[in-house]
1. Please tell me if ALA295 is closer than 24 Å to TRP69 by Cα and not in a helix (DSSP H, G or I).
2. For TRP69, all conditions in the list (1) within 30 Å of LEU182 (Cα to Cα); (2) modelled with pLDDT of 80 or more hold save one; what is the number of the exception?
3. Looking only at residues in region 289-317 that are of a type in the set (S, T, N, Q) and touching a helix residue (DSSP H, G or I) at 6+ places or on another chain (Cβ under 6 Å), which one is nearest to LEU155 (Cα to Cα)?
4. Collect the residues in region 146-163 that are buried (at least 23 other Cβ atoms within 10 Å of the Cβ) and under 14 Å from MET331 (Cβ atoms), keeping them in residue-number order.
5. Would region 300-310 turn up any residue that is within 30 Å of ALA118 (Cβ to Cβ), modelled with pLDDT of 80 or more and hydroxyl-bearing (Ser, Thr, Tyr)?
6. Considering only region 309-320, I want to know if a residue exists there that is under 16 Å from the mean Cα position of the chain (by Cα), assigned to a helix (DSSP H, G or I) and surrounded by 17 or more Cβ atoms within 10 Å (Cβ to Cβ).
7. Give the residues of region 263-291 that are polar (S, T, N, Q) and closer than 28 Å to SER165 by Cβ, sorted by residue number.
Amino acid sequence: MHGKLLPLAGLYLVQGLPYGLQSGLLPLLLRARGLSLTRVGLAKVLYLPWLFKLVWAPLVDTRGSLRAWLTLSTAALGLVCGLLAALPPAEAGQAELPVTVAGLLLLLNLGAAVQDVALDTLAVQLLEPAELGPGNTVQDLLAVPGTPWTAGLVLTYKLGEQGASSLFPLFLLDRGISTPELGLWNGVGAVVCSIVGSSLGGALLARHWQALPLLRSVLRFRLGGLACQTTLLFHLDTPGVRLDGSTVLRGAALLSLCLQHFLGGLVTTTTFTLMMHCTQLAPSALQATHYSLLATLELLGKLFLGSLSGALADSLGSHICFSFFLALSGMPVLYLGLAPSALA
């Protein structure tokens, strides 16, 4: 089992680190340069290559080998990361994202998305049902049993979490936490907490926890954590309250940030296990396309609200916006009650 999981975990780490650091750090840098919440949210258009995975998923199914796809995509990721690292620092007073940086980030996401298709296909083919949880740490598609319900789940399960996680760090930045400190916690700290949560999910699933009951419990914990974070935000939105002079408030805010990333990793691993289980019910010739469909819907749900969250906050205010996110986070808990028996 470890002979399968260690290479998969390494490849998932290579694929996920650029994405995780980009999603955690880029909004902070843009906000610190004075961009509005609306424009910071719209920067998520750089993730568009992930939404077109269905375009090349059939090619992965029918053309070339998985080894070739993984080799080329991994080499492309390394090349683009090297080019990004070699770019000179942004000029003083430059608020907008440079065109060269934006283009390279698009290529970075394209390479990661191609690798994701090949890697997920490899995982579906290699892993036994009992290994799906740990593996995720490291005809008509809709006719596959459980697919319509799973599609509904992956479209909605991250809506509230994604909206809150997109905006909460920016509000902390506005309330006095320095950009370097917040970048450390929302960049490196977020990735570490997410990996720990994902690893815990894999370990629990490996110990024969059923995915649906585990997901139900974790979604409830996430709802409680988001309720606490929303209450904290309401307090921080009181006139005169600042984080730069309050150690207790700053600690509570950063702890809330890390907790949400931890629970987010746990929720994601369990949900992706359900996605892989559903894909294993599909014919082998369609598995890459089937999983890519579910993964694209999952990303579409996250990008949709993540992109609009800044505009919602600018137009409705933080109180209404975060109350809306909290309500959205309660929806998946109710939706799990409609799960089909094929996925039990």
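1. The answer is no for ALA295.
2. All conditions pass for TRP69, except number (1).
3. THR296
4. Result: LEU153, VAL154, TYR157, LYS158, GLY160, GLU161, GLN162, GLY163.
5. yes
6. Yes, some residue in region 309-320 is under 16 Å from the mean Cα position of the chain (by Cα), assigned to a helix (DSSP H, G or I) and surrounded by 17 or more Cβ atoms within 10 Å (Cβ to Cβ).
7. Within region 263-291, THR268, THR269, THR270, THR271, THR273, THR279 meet the criteria.
Each row is one residue, and each column tells you yes or no for (1) surrounded by fewer than 16 Cβ atoms within 10 Å (Cβ to Cβ); (2) under 25 Å from ARG33 (Cβ atoms).
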position	(1), (2)
GLY197	no, no
LEU214	no, no
LEU223	no, no
THR238	yes, no
ARG250	no, yes
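The values are calculated or read from the model by the stated rules, or taken from the named source; none is laboratory data. No experiment lies behind these values; they were computed from the predicted model shown. Reconstructed Cβ throughout: ideal geometry from the backbone, glycine too, with neighbour counts over all protein chains shown.
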